[in-house]
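The values are calculated or read from the model by the stated rules, or taken from the named source; none is laboratory data. Model, not experiment: these values are computed from the prediction. Note that we place each Cβ from the backbone using ideal geometry, even for glycine, and neighbour counts take in every protein chain shown. To get the accessible areas, we keep the full protein, side chains included, count just its heavy atoms, and leave off ligands, DNA and RNA. Shrake-Rupley method; radii C 1.70, N 1.55, O 1.52, S 1.80 Å.
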Amino acid sequence: MRIAGPVMPWCGGNRYELLIDGPAFFPVMLEAIGQARHRVDLEFYLVEDGECAERMIAALTAAAARGVRVRCLFDGFGCYKLGQPQRDRLVQGGIALRFYNPLAWRLRFRNLHRDHRKILLVDDSIGFTGGAGITDEFWNPHNGDNYWHDVMVAMRGPILEHWQRLFDAQWAHCNHRPIWDFPLPQRPPRLPDVPFGSQGMGRVAYAAARQHRDILHSLARHLTRAKRRIYLATPYFLPPGKVRRALMRAARRGVEVRLLLTSHHTDNPPVRYAGHRHYPRLLRAGVRIHEYQPHFLHMKMALVDDWVSLGSCNFDHWNLRWNLEANLEAVDPELATQVASCFSRDFAESREITLEHWRTRSLLKRVNHGFWGWLDRSISSFMGR
Ligand SMILES: O=P(O)(O)OC[C@H](O)CO
């Protein structure tokens, strides 16, 4: 498989389980590693020293010690808070460790290319993807109630073979041919149609900078065809114009369109402010906007009618320009129900932003929205969006 190349097909007969928040998904992931017999592959953007990484390293080195082949592919920037002692422990524990695009002066803007994927594959038996990183923000067993709100999905079935192909290709390429050396596509990829009436259908949708963006094209296609509902969650709301326009058009034709976004609990206030500049037009078109109150909302998940897309992609123009991303797309009644319930609970714990509320925002907020919005626009046009 060429890394910037083919679109993955749909395949049936898969089973999914949505796992909500670190205290739910990390123990399941660790248990899966504990039961590995042949192979564990891990590709993660964010990996930092702490209790969470400690548990993960212990599970990985224990697997390697009993003869399991363990490979870790971490992003060269996302893991900068993973100290040398932990890296040494991994390597001395028999784990093959690679880094994607470590920072270097000579790369200049190309330092912005990041491997943002979050994938764990264990044998051919179970795989996980979602939005989390291996850091204490997502799970600290000693501090149970304080976490970034995110989801991972556990996957079983033939789709694991496609995830394995994606991982193997990236593992092989990461030390050789950088993504920017691949030619830009002449036209958008040809996406396979969603099969009708099956259970457990799934597809690996991925992005590789501007060279391959099937996550975006697929999302846009589903937004355009939506009939009943569109629920979309992202922590960094800077969607490409194509996505914004599709959301507004859907709302105008009567589709229930609801966004789940961050509140003041965010790790990046400037990005939140920059995204706010899109609120008025979306609200006028009939899009409902909810800001999640209990924690930092970090999940990236879309439900369009019964089609689900969830994984690493924030659906924002920055991620889609520079990053490697990977999402599960699924059409499966059980998963759609789990995702819809997750959204319903989160909407109930959110503050809905209305146009009236928007018009009465403070002067300081207006200045922030204006400044950060202008900066986002200016940098994007400088980079030739
Ligand atoms: O890039 P994400 O969406 O995985 O989020 C990670 C945060 O940016 C860490 O600050």
Here's a check for you: in segment 233-258, which residue that is assigned to a strand (DSSP E or B) and away from the ligand (no atom under 13 Å from the Cβ) is surrounded by the most Cβ atoms within 10 Å (Cβ to Cβ)?
257
Pairs returned, first residue in segment 166-189 that is in contact (Cβ under 8 Å) with a residue 60 or more places away in the chain, second residue that is surrounded by 14 or more Cβ atoms within 10 Å (Cβ to Cβ) and small (Gly, Ala, Ser), beta-carbon separation under 7 angstrom, 6 or more apart or interchain, are 166/326; 179/4; 179/208; 179/209; 180/209; 182/4
Could you grab me the full set of residues in segment 64-81 that are within 14 Å of the ligand (Cβ to nearest atom) and either free of Cβ contacts under 8 Å to residues at least 24 places away in the same chain or in contact with a helix residue (DSSP H, G or I) (Cβ under 8 Å, 6 or more places away or on another chain) (or both)?
77, 80
Only one residue in 377, 345, 359, 351 is open to solvent by 90 Å² or more (accessible area, probe 1.4 Å) and touching a residue at least 12 places away in the same chain (Cβ under 8 Å), so which one is that?
351
Any chance residue 188 is within 16 Å of the ligand (Cβ to nearest atom), of a type outside the set (A, V, I, L, M, F, W, C), touching a helix residue (DSSP H, G or I) at 6+ places or on another chain (Cβ under 9 Å) and not in a strand (DSSP E or B):
no
Could you give me the residue pairs with C-beta distances under 6 Å whose first residue belongs to segment 308-324 and is within 12 Å of the ligand (Cβ to nearest atom) and open to solvent by less than 10 Å² (accessible area, probe 1.4 Å), whose second residue is among the polar types (S, T, N, Q) and at pLDDT below 95 wherever it lies, and which are 6+ apart or on separate chains?
313/319
Segment 110-168 - residue that is over 20 Å from residue 206 (Cα atoms) and touching a strand residue (DSSP E or B) at 6+ places or on another chain (Cβ under 6 Å) and, of those, farthest from the ligand (Cβ to nearest atom)
123
Can you find even one residue in segment 264-275 that is open to solvent by less than 10 Å² (accessible area, probe 1.4 Å) and at pLDDT 95 or above?
no
Only one residue in 283, 297, 261 is open to solvent by less than 50 Å² (accessible area, probe 1.4 Å) and more than 16 Å from the ligand (Cβ to nearest atom), so which one is that?
283
Could you count how many residues in segment 155-199 are under 19 Å from residue 44 (Cβ atoms) and in contact with a Leu (Cβ under 8 Å, 6 or more places away or on another chain)?
9
For the structure I just gave you, tell me whether residue 272 is in a helix (DSSP H, G or I) and within 14 Å of the ligand (Cβ to nearest atom).
yes
